[in-house]
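The values are calculated or read from the model by the stated rules, or taken from the named source; none is laboratory data. Since this is a predicted model, take the numbers as computed values, not measurements. All Cβ positions, glycine included, derive from the backbone under ideal geometry; neighbour counts span all protein chains shown.
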Amino acid sequence: MRSTFTAMTVVLLSGLAATAAPAAQKAEAAATPAAQSDLCPGNLSNGARKPLIDLKAAVDAKDAAAYATAHAAARAAAKKPDDRCILAQLELSNAANASNFTAASAAVDALQASGVANTSRLTTIINNIGKNQYNGKDYAGATQSFEKAIKLAPNDPENYMLLAETKTKMGQSAAALGYYQKAAELGKAGGAKLSEDYLKRAVAVSYQSKSPQTADLARQWVAAYPTSKNWRDAIKVYADQSGIAPSELLDLWRLQRATKSLAGEGDYARYALSATNKGLGGEAKAVLEEGFASNSISRSSSVISSLYKQASANLAGDRASLGPAATKALAGTAVKPLMTTADALYGYGDYAKAAELYRAAATKPGADVPLANLRLGAALTMAGDKAGAKAALEAVTGPKAEQAKFWLVYLTQRP
C-alpha cells in the first residue's frame, strides 16, 4: 500500500526537476590569454620564441588567415615542453575566440601532453569547457571534459557532481547516482558542504529511479540544510518510496512534529487521525492545538473541528491515570501495556517516563525490539538525553533502522 505522502512527493519532485542545474549556468570563457597567464612556464627556446610571439599576435587580432600561417610555423618550431605548452595555450585561446569547444578540448589534451601545464589551472579550464558543452547540450563532450577534470582532481566533489548532472541529462540515472554519491562522500570527507540544489536533484534522481540510496541522500540533504521544508520533503520522499502504510506512520509524524515540519491541514489532520486511531487522543489534541497556535490550521475547518472533537472526547482523567498504569505495567511481564502506556506518556510530553517504559518493553518476551528501541530513542531525544538516544537509535535493526537514522540526524541538530 502506498502511503498518504504520495501526492506531496510528486509535487516535491516536479519542483526539483524545475530547478536550474548549476552545470547549466553561464560559464566563463573557456580560456583567455589573461586568464591563462599562470598556465604554462615561460622558458621558451630561442627558436620557438618569435614564431610563438607571432602566433599570439594573430590570436589577439582574431585574424584567421594570419593565425593559419603563424600556427604552422609555431608548430614546426615548438620542440621543448615549455614551447609546446605555450603553443597549446594559444590554440586554446583561438578556440575560445571562436567558441569552438571541440578545438578547445583538443588544445587541453595538448596542454596535458606537454607535461608542464599548471594542473590546477588546467582543471579549471577543462571544467569551464565542460560547462559550455553542457550549456550547448553536447552531453557527450561534457562527459569527456568532466571525466578529464576528475582524473586531474580526483578529490574535488564538484567535478563528480557536474558529471552526475550530465549523466542525468543523458538518461543514465544509475551512473548519475554513483557520481552524486561520490560527490557527497568527498564533500563530507573534506568538510565541504555541497550546494542545496545538487543535493535536491540527487534525491529526486534517486527517487525516480527507485534507488535504495534515496533515504541516505535525503538524510544528507537535511543534515546539510535542516530547514523545516526540507525536513518535511525528505521525510515524505522516504515514506513514499518505502511504501509505509498510513497506519504505521506515527513515528514519522512524531519526527515531523519534532523538526517543526508539519505544514497545512493535510499534515495535521493525518497526524491527529493516526494518533487517535491508536488511542492517543492526548497527543492528537496537543498536535492540533499546536497547529492552532501557529495559525497552520483553522478551528473553522470542518475536518479539523471534527478531529479535535474526536481527540478531546473521553480525555477526562486520562493523563492522571497514566501514573498508576505505568506502575502496573512495569510490575508485569506483558509487552503491550508497557508500549501503550509509553505511547500515551510520549503524547503528553512526559518523555522521560515514556523512555523508562519503552526500555522495559524492549526486554520482554515477544517484544518488537526494533520498534521499542526506535521509540525509546525518540523519547530520549525529546527528553534531552543525547547519549542515551544515540545508543538506542543505533541499536535499531531491520526496516525501522532507516527511520532511526533520520532521528539520529535530528539528534545532532538539537540544542
Only one of (1) assigned to a helix (DSSP H, G or I); (2) charged (D, E, K, R); (3) over 21 Å from Ala272 (Cα atoms) does not apply to Asp343, and that is (3)
Which of the residues spanning the range 363-386 are among the charged types (D, E, K, R) and within 28 Å of the chain's Cα centre (by Cα)?
Arg375, Asp385, Lys386
Which listed residue is on the phi > 0 side of the Ramachandran plot and in contact with a helix residue (DSSP H, G or I) (Cβ under 8 Å, 6 or more places away or on another chain), from Gly398, Gly317:
Gly398
State the number of residues belonging to the range 283-305 that are in a helix (DSSP H, G or I) and exposed (fewer than 13 other Cβ atoms within 10 Å of the Cβ).
2
Is it the case that the range 83-105 has a residue that's at pLDDT 95 or above, acidic (Asp, Glu) and surrounded by fewer than 19 Cβ atoms within 10 Å (Cβ to Cβ)?
no
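Hey, among Ser211, Ser247, Ser242, Ser228, which residue is free of Cβ contacts under 8 Å to residues at least 40 places away in the same chain and over 20 Å from Val287 (Cβ atoms)? Give the steps one after another, and end with the answer.
On the way: Ser247 fails: over 20 Å from Val287 (Cβ atoms); Ser242 fails: free of Cβ contacts under 8 Å to residues at least 40 places away in the same chain; Ser228 fails: over 20 Å from Val287 (Cβ atoms).
When all the criteria are applied, what remains is Ser211.
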Considering residues that are in a helix (DSSP H, G or I), in contact with a helix residue (DSSP H, G or I) (Cβ under 7 Å, 6 or more places away or on another chain) and buried (at least 17 other Cβ atoms within 10 Å of the Cβ), the number found within the range 346-367 is 11
In the range 382-391, residues that are part of a helix (DSSP H, G or I), of a type outside the set (Gly, Ala, Ser) and either out of contact with any Gly (no Cβ under 9 Å at 6 or more places or on another chain) or at pLDDT below 95 (or both) total 1
Only one of Ile125, Ile86 is within 27 Å of Thr166 (Cβ to Cβ) and either among the aliphatic types (A, V, I, L, M) or in the same structural domain as Leu44 (by TED's automatic domain parsing) (or both), namely Ile125
Out of all the residues in the range 162-212, which are in contact with a Ser or Thr (Cβ under 8 Å, 6 or more places away or on another chain), closer than 18 Å to Tyr225 by Cβ and surrounded by 18 or more Cβ atoms within 10 Å (Cβ to Cβ)?
Tyr180, Lys200, Arg201, Val203, Val205, Ser206, Tyr207
Tally time: how many residues in the range 186-209 are among the charged types (D, E, K, R) and out of contact with any Phe, Trp or Tyr (no Cβ under 9 Å at 6 or more places or on another chain)?
2
Residues being in contact with a Leu (Cβ under 9 Å, 6 or more places away or on another chain), free of Cβ contacts under 8 Å to residues at least 60 places away in the same chain and within 18 Å of Ala142 (Cβ to Cβ): count how many of those fall in the range 75-105.
1
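Report whether or not Val335 is over 38 Å from the mean Cα position of the chain (by Cα), surrounded by 19 or more Cβ atoms within 10 Å (Cβ to Cβ) and touching a residue at least 24 places away in the same chain (Cβ under 8 Å).
In short, yes.
Which of the helices (runs of 4 or more DSSP H) contained wholly in the range 100-178 include at least 2 residues that are under 28 Å from Thr214 (Cα atoms)?
Numbers: elements: 101-114, 119-135, 139-152, 157-169.
The helices (runs of 4 or more DSSP H) meeting that bar are 119-135, 139-152, 157-169.
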Subset tally (residues that are surrounded by 21 or more Cβ atoms within 10 Å (Cβ to Cβ) and not charged (D, E, K, R)) for the range 124-149:
14
If Glu394 passes every condition in (1) over 30 Å from Gly264 (Cβ atoms); (2) touching a residue at least 60 places away in the same chain (Cβ under 8 Å); (3) acidic (Asp, Glu) but one, which one does it miss?
(2)
Might you check whether a residue that is farther than 22 Å from Gln310 by Cβ, surrounded by fewer than 19 Cβ atoms within 10 Å (Cβ to Cβ), at pLDDT below 95 and not hydrophobic (A, V, I, L, M, F, W, C) occurs anywhere in the range 251-264?
no
